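Enquirer: Quick one: the structure is below, questions incoming.
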Amino acid sequence: MNLARIAALAHKEWREIVRDRLFLALAFVVPAALMLVFGYGLSLDVEHIPFAVVDHDRSALSRDYTHRFIDSRYFDYRGHVKSERELDPLLADSRIRFAIVVPPKFEENLMAGRPAAVQSLIDGTFPFRASTSKGYVIAINAAFNGELLAAYISRRFGVAPERAAALAQPVRVQLRYLYNQELKSTWSIATALVMLVLMVAPPFLTALGVVREKESGSIYNIYASTVTRGEFLAGKLLPYVGISIVNSLILWALATGLFGVPFKGDPLFFFLSSVIYVTCTTGIGLLASLIVRTQVAAMMLTVVMTIIPSVLYSGLLVPIASMDPQGQFEAHLFPAMYFTDIALGSFLKGVGLEQLWGKALALAIYAAVLWLISFALFHKRPRT
Amino acid sequence: MGEAAPLTPAPAVRVQGFGKRYRRQAAVAGVDLEVRRGEIYGLIGPDGAGKSSLMKAVAGVLAFEEGSIEMFGIRIDSEAAAERVKGRLGFMPQGLGLNLYPELSVEENIDFFARLRGVPAAEIAARKAKLLAMTRLDRFTGRPMKHLSGGMKQKLGLVCTLIHEPELIVLDEPTTGVDPVSRRDFWAILAELLREKGITALISTAYMDEAERFHRLSLMHGGRVLASGEPDAIRARTPGSVLELEAEPQVEALDRIQASLAQAESVGPRLRVFVDDAAPEAAVGTVAGLLKGLSLRDLHATTPDLEDAFVALLRRQRLVEERAVAKPRAGDGDPPGDDVAILAKDLTRDFDGFRAVDRASFTVHQGDIFGLVGANGAGKTTLIKMLTGILPPSDGEGRVAGADMHFAAQAIKARIGYTSQAFSLYQDLSVLENLRLYARIYGVARHAAGERIEQVAELTGLTGRERQLAGRLPLGIRQRLALACAMVHRPRILFLDEPTSGVDPIGRRRFWDILVHLARVEQVAILITTHYMSEAEHCDRLALMHAGRIVADDPPAALKQALREEAGELLEVATDRPLAAMALLEQAGFAGVALFGRHIHLFARDAHTATREIQTILAGRGIGLASVTPRPPSLEDVFVYRITALEQGEQRL
């Protein structure tokens, strides 16, 4: 390894990046912009579900029942309609995503001790939202049932309403959310976004940087010179790793400063893990750039290699533990999952090296393997 | 290794049985050649001849399958072996300035190459200063490479290739796309640099007229070497004579000659004929016999150039595509109405304070071939865009095909045909599908389209290829298809922007056959740009552009005559020490002194006095003088003389 040559390569690369406005913007503006756009746009909280009511009973009890939905922050009341038939166009246009139909004689049946069936219609086009909505409906309905029962017990046995409520629900659940007490999805998402952006931006930059030389023909300066393969890869990628490290700090600042995510863990451990992680993702870009010839193809390939696995298999949308065995296996093949764990652990759980060293090691191995494959694929005397 | 040193050192490069395939496609096969130390060796051939593959393999940046390559006695058969010689090698890939870094300045580019090549820091400054001074780039060290002109990029590329003082340099088409003035400058600098350090060079080019720059060369075509050796020796491989003449009517004369002699073409008002295996006198007799009854003028023999030899070699090795360009008789197309096809008066175009075209005025008549030549950035493309109604002029007037370009840009577009420099065909469509598409785009009536497509396909020699995909056609035939597409709506005027770039000489000749037919028989006006100076000879009139202005506009013969009157005779001086002689002759005040391989070209008012003067100057320094011969000036000489004079005038201002 000749350090002077590595320095010459890195120096040249850095100056090219700085002088090319578009590339410079791509390097520093795009990652921060991604963080902002996704941070504000991608909320997984299901709230304000628009809904409508068909009340065939129009009794005091049916009003009480429907008001539990109307007053809920999870639902957004859009009005009453006369019949089920009027619901169809509303659902079809997505003006409402949920409807509740109270049958005739709702109050009369309940008062007489007969069960009453309330129909709820949920737009199933987004299963995640639909199943969350279903949960809300069941919970509101259960609370209503519980109160009816308590009122009955209170009336029947002449006990105080509080006592009756306790009798009606002998087992109560006491919930305390750990690490993210208010269960703010922003916290988790901002943390996962650090992972996502650092997975997407460095490979893009790297792949474009290397393929640009292939496309223009300046790669022949390298082929025809005495620079070794290792020197070239090191010198060429040093600036990109550097830029990505700076970006990881910027993203950290955005997460804590703008999105208010607490950072409870070990800053040094998190920083070093980030360095390993961006080395790893830069390696993905390098690998992509060695397989293709044009900048367009390099972009496509990095999208496939980075965005898709890191969105699907990182635990961002679906927890790894709730995937089927095959999904879990695939998740372990991508580096995103390990860094998601490190980031969540460092930001929200306040754990560090002791608990997370295994994940950091996995990333380091991943990085080493990527770089070794790239080294083996890169030839100064190619066949075409 | 010292004790085993052979008496004669190994050649710089020895290639034996070299072959390279891409997938199944063989790019090069069975190439043998040897580059001796200290010589400038040329690879000449059109695009697709296999030059680049060979050069990359020699430079150790491309793996190959067949044969062997040795460099300085070291066999290059693996990546590791290639690494061993790379320190002694400089390589400049194809593409003007493409291997340089556009965002970096001239100096930063050189510094990067120096550091990459491990040039000791102490030496960088001195070497850089010297190379910058020789290439006259020293005034531009801080300028970003992307803002350099083509000629300057090329010189910077050369400096970067030479900064580590390699023993061998491999330059892939360094002069493609560079104007003739910069090309001459480049060759002069290169010759001086190489001689000073005793550097060997392997250089490829697509320009046949650059053959004189090489000590020895190989002619390549279709992945094979046709002939190797000194330029004169290659010419001697195809014995015969070249005749030039003027004949009336030209079309009939050419038809009669081509019926019995395979290698004949019209060059502007003249015909040029190669008669195989015949002494000049016999050849004159043969041609005169063929043209009995026609009026002939100025029938004389001239020296064959390398392009004549190249075509003759291909013909003898039966590598020529059969002549299928049919020539429908006249009467096809409307008779010319308005005789003036293009009228430009003080056409001007400004871009943000920069004047791309400055008061251009000229006239093109129906049936004329009008050539536009000039360096990259001289304003040719902008001028064509204005004339074709794509770009409105800032000032001035123009009428194209009878329509005013200020008000009737749409009418102009309907009456002209245009092929752009960039390839404008749909590669995944067949020949016929492309033609049908263009017929519909131009609104050719459906019932007439079929017949017209047949006509243009026959005229451009595409009959029988209708089902082939455009992308699969060889470059020369693809360009004919582009021409056919541009003609499908019977335009009265054709605009062709560098249509023959990279096409082999035979393909270019066939292309010109078609153009001449269109102009002479169908009275189509043709405006064409080219950077092959040899091709500019075909034009009836030639406009020379420089810095947005038309600085000359005359028939080629008149341009040459004007050069003779202004600068004098062109003399070719052959000596045993050309570089030393060149310096002396320049000092003595001769104009236009330039080096061509081993010969020096210069201008002199009076050939006799000049010859005596040259003899005394060279004898005084003990330099042997073989001969001083007058030569007819080429259009390149005209171009270089004119532009150099203008540039010197600008510098004085």
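Where a number appears in this text, it was derived from the coordinates with a stated rule and is not lab data. Keep in mind it's a predicted model, so treat the numbers as computed, not measured. Every residue, glycine as well, gets a Cβ built from its backbone with ideal geometry; the counts of neighbours run over all protein chains shown.
Enquirer: Antiparallel as a % of all DSSP beta bridges within the protein assembly as shown, to the nearest 5?
Expert: Close to 65 percent.
Enquirer: Return one number: the angle in degrees, 0 to 90 and rounded to the nearest 10, between the long axis of the Cα atoms of helix A:335-344 and the longest principal axis of the Cα atoms of chain A.
Expert: The answer is roughly 60 degrees.
Enquirer: Let me ask something additional. With Rg and the Kirkwood Rh both taken from Cα atoms, where does Rg over Rh land for chain A? Numbers along the way, then the final one.
Expert: Working: Rg = 28.5 Å, Rh = 24.8 Å.
On the Cα set of chain A, Rg over Rh gives 1.15.
Enquirer: For the residue pair B:ASP395 and B:ALA81, what label-to-label distance in nm results when each label sits 7 Å from Cα along the Cα-to-beta-carbon direction?
Expert: About 6.6 nm separates the two model spin labels.
Enquirer: Using only Cα atoms, tell me the angle between helix A:3-19 and the longest principal axis of chain A; keep it within 0 to 90° and round to the nearest 10.
Expert: 50 degrees
Enquirer: Let me ask something else. Specify which residue in the list B:MET208, B:PRO231, B:ALA247 is farthest towards the positive end of the charge dipole of the stretch B:208-260, using unit charges on the beta carbon of Lys, Arg (+1) and Asp, Glu (-1), about the Cα centre.
Expert: Ranked along the dipole, the leading option is B:PRO231.
Enquirer: Counting each DSSP H run of 4 or more residues in chain A as -39500 (n - 2.57), what helix-only mean residue ellipticity at 222 nm follows after dividing by all residues, to the nearest 500 deg cm²/dmol?
Expert: On the way: 16 runs with 244 residues, N = 384.
-21000 deg cm²/dmol, from helical runs alone.
Enquirer: Another question, if that's okay. How many nm is it between the label spots at B:ALA133 and A:LYS184, if each spot is 7 Å from the Cα in line with the beta carbon?
Expert: Here the modelled spin labels are 6.9 nm apart.
Enquirer: Using the beta-carbon distance between A:VAL30 and A:ALA253 and R0 = 25 Å, what value does 1/(1 + (r/R0)^6) give for FRET efficiency, to the nearest 0.05? Write down the numbers at each step before the final one.
Expert: Numbers: r = 16 Å, r/R0 = 0.65.
The value I calculate is 0.95.
Enquirer: Mind putting together the pair-distance distribution for the stretch B:23-80? All Cα pairs, 10 Å bins, whole percent per bin, short to long.
Expert: Going from the shortest bin to the longest, the percentages are 19, 56, 24, 2.
Enquirer: Which stretch or stretches of the stretch B:172-205 have amide N atoms under 18 Å from the point lying 7 Å from B:ARG37's Cα along the Cα→Cβ direction?
Expert: Residues passing the 18 Å test: B:194-202.
Enquirer: Now a separate question. Taking neighbour counts of Cβ atoms within 10 Å as a proxy for exposure, in what order, fewest first, do A:VAL241, A:VAL194, B:VAL178 appear? Write down the numbers at each step before the final one.
Expert: Numbers: A:VAL241 19, A:VAL194 29, B:VAL178 24.
If I rank by nearby Cβ atoms, fewest first, I get A:VAL241, B:VAL178, A:VAL194.
Enquirer: Taking the Cα of B:ALA288, stepping 7 Å toward and past its beta carbon, and measuring to each backbone N in the stretch B:228-269: which are under 13 Å?
Expert: Taking a point 7 Å out along Cα→Cβ of B:ALA288, no residue of the stretch B:228-269 has its backbone N under 13 Å.
Enquirer: On to the next question. Once all Cα-Cα distances of the stretch B:239-303 are split into 5 Å bins that start at 0, what whole-number percent is in each one?
Expert: Per 5 Å bin, starting at 0, the Cα pair percentages come out as 4, 21, 36, 28, 10, 2.
Enquirer: Count, for each residue of B:92-103, the Cβ atoms from other chains sitting within 10 Å of its Cβ, then give me the mean as a whole number.
Expert: Details: counts 4, 8, 2, 4, 0, 3, 5, 9, 4, 9, 5, 9.
Taking the mean over all residues of the peptide, I get 5.
Enquirer: Follow-up. Would you mind calculating the gained length between B:ALA448 and B:LEU98 on full extension (0.36 nm times residue separation, minus the Cα-Cα distance), in nm to one decimal? Mind showing how you got there, number by number?
Expert: On the way: separation 350, 0.36 × 350 = 126.00 nm, distance 4.67 nm.
Result for the pair: 121.3 nm of gain on full extension.
Enquirer: Where both partners of a DSSP beta bridge lie in chain B, what percent of those bridges are antiparallel, to the nearest 5?
Expert: Close to 70 percent.
Enquirer: Sort B:445-455, B:140-150 for me by packing, meaning the mean count of neighbouring Cβ atoms within 10 Å per residue, highest on top.
Expert: Values: B:445-455: 13.5, B:140-150: 16.2.
Going by the mean number of other Cβ atoms within 10 Å, highest first, we get B:140-150, B:445-455.
Enquirer: Quantify how strongly other chains surround peptide B:471-481 by giving the mean number of their Cβ atoms within 10 Å of each of its Cβ atoms.
Expert: On the way: counts 0, 0, 0, 0, 0, 0, 0, 0, 0, 0, 0.
Partner Cβ neighbours, averaged per residue: 0.
Enquirer: Also, quick follow-up: Return the percentage of antiparallel bridges among DSSP beta bridges fully within the stretch B:340-550, rounded to the nearest 5 %. Can you show the working numbers first?
Expert: On the way: 18 of 36 bridges.
Taking every DSSP beta bridge with both residues in the stretch B:340-550, the antiparallel ones total about 50 percent.
Enquirer: For the pair B:ARG318/B:GLU248, report the inter-label distance in nm, with labels modelled 7 Å from Cα in the Cβ direction.
Expert: 4.3 nm
Enquirer: How long is the gain from A:HIS56 to A:GLU108 if the chain were fully straight, where each residue apart is worth 0.36 nm and the alpha carbon distance is subtracted? Provide the component values of the computation, followed by the final result.
Expert: On the way: separation 52, 0.36 × 52 = 18.72 nm, distance 1.23 nm.
Stretched out fully, the A:HIS56 to A:GLU108 stretch lengthens by 17.5 nm.
Enquirer: Looking only at other chains, what is the average number of their beta-carbon atoms within 10 angstrom of each beta-carbon in A:223-232?
Expert: Values: counts 10, 16, 12, 11, 5, 1, 2, 0, 1, 1.
The per-residue average across the peptide is 6.
Enquirer: Follow-up. Cα atoms only: what Rg and Dmax, in Å, come out for the stretch B:558-652?
Expert: 13.3, 40
Enquirer: Something else now. So if R0 is 51 Å, what FRET efficiency would B:ALA558 and A:ALA297 give, r being the distance between their Cβ atoms, rounded to the nearest 0.05? Mind showing how you got there, number by number?
Expert: Working: r = 53 Å, r/R0 = 1.04.
For R0 = 51 Å, the calculated efficiency reads 0.45.
Enquirer: May I pose another question? Give me the base-10 log of I(q)/I(0) for chain B at each q in 0.08, 0.10 Å⁻¹, Debye formula, one uniform scatterer per Cα, rounded to two decimals.
Expert: Taking Cα atoms of chain B as identical point scatterers yields -0.65, -1.04.
Enquirer: Using a simple charge model, +1 on the beta-carbon of Lys and Arg, -1 on the beta-carbon of Asp and Glu, nothing else, what dipole does chain B show about its Cα centre, in debye to the nearest 20? Before the final figure, lay out the partial values.
Expert: Values: 80 positive and 85 negative charges, 257 e Å.
The calculation lands at about 1240 debye.
Enquirer: What is the percent of Cα-Cα separations in the stretch A:320-384 that go past 18 Å? Can you show the working numbers first?
Expert: Working: 1102 of 2080 pairs.
Value for the stretch A:320-384: 53 percent of Cα pairs lie more than 18 Å apart.
Enquirer: Counting pairs of alpha carbon atoms under 8 Å apart in space and at least six apart in sequence, what relative contact order in percent does the stretch B:112-254 give?
Expert: Numbers: 104 pairs, mean separation 24.6, N = 143.
Here the relative contact order equals 17 percent.
Enquirer: Over the stretch B:558-652, what is the relative contact order in percent, taking alpha-carbon pairs closer than 8 angstrom and at least six residues apart? Each step should come with its number before you reach the end.
Expert: Values: 125 pairs, mean separation 35.5, N = 95.
Contact order relative to length: 37 percent.
Enquirer: Measuring from the lowest to the highest alpha carbon on each principal axis, how far does the stretch B:340-550 reach, largest first, in angstroms?
Expert: Rounded to whole Å, the extents work out to 49, 36, 33 Å.
Enquirer: Sticking with this one: Dipole of the protein assembly as shown (Lys/Arg Cβ +1, Asp/Glu Cβ -1, origin at the Cα centre): which of A:ASN2, A:PRO319, B:ALA574 lies farthest to the positive side?
Expert: A:PRO319
Enquirer: Kirkwood-based Rg over Rh for the stretch B:8-224 (C-alpha set), two decimals? Numbers along the way, then the final one.
Expert: Working: Rg = 16.8 Å, Rh = 17.6 Å.
Here the Rg-to-Rh quotient is 0.96.
Enquirer: Which length gain, in nm to one decimal place, applies between B:THR629 and B:PHE351 when the Cα-Cα distance is subtracted from 0.36 nm times their residue separation?
Expert: Working: separation 278, 0.36 × 278 = 100.08 nm, distance 4.78 nm.
Separation in residues times 0.36 nm, less the Cα-Cα distance, equals 95.3 nm.
Enquirer: Counting alpha carbon pairs within less than 8 Å and at least 6 residues apart, what relative contact order, in whole percent, applies to chain B? Provide the component values of the computation, followed by the final result.
Expert: Numbers: 1248 pairs, mean separation 76.8, N = 653.
It rounds to 12 percent for chain B.
Enquirer: Which longest uninterrupted range of chain A lacks any trypsin sites (Lys or Arg not before Pro) assigned by DSSP to a loop state (not H, G, I, E or B) and surrounded by at most 13 other Cβ atoms within 10 Å?
Expert: Working: sites that count: A:ARG58, A:ARG73, A:LYS82, A:ARG95, A:ARG172, A:ARG176, A:ARG293, A:ARG383.
Longest run free of exposed loop sites: A:177-292.
Enquirer: Related question: Between A:ASN141 and A:LYS349, how high is the FRET efficiency from 1/(1 + (r/R0)^6) when r is the Cβ-Cβ distance and R₀ = 41 Å? Nearest 0.05.
Expert: Numbers: r = 35 Å, r/R0 = 0.85.
Once rounded, the FRET efficiency stands at 0.70.
Enquirer: Here's another thing I want to ask about it. With N denoting the number of residues in the protein assembly as shown, provide Rg(C-alpha) divided by 2.2 N^0.38 Å, to two decimal places. Spell out each step's value before the answer.
Expert: Numbers: Rg = 39.1 Å, N = 1037, 2.2 N^0.38 = 30.8 Å.
Expressed relative to 2.2 N^0.38 Å, the Cα Rg reads 1.27.
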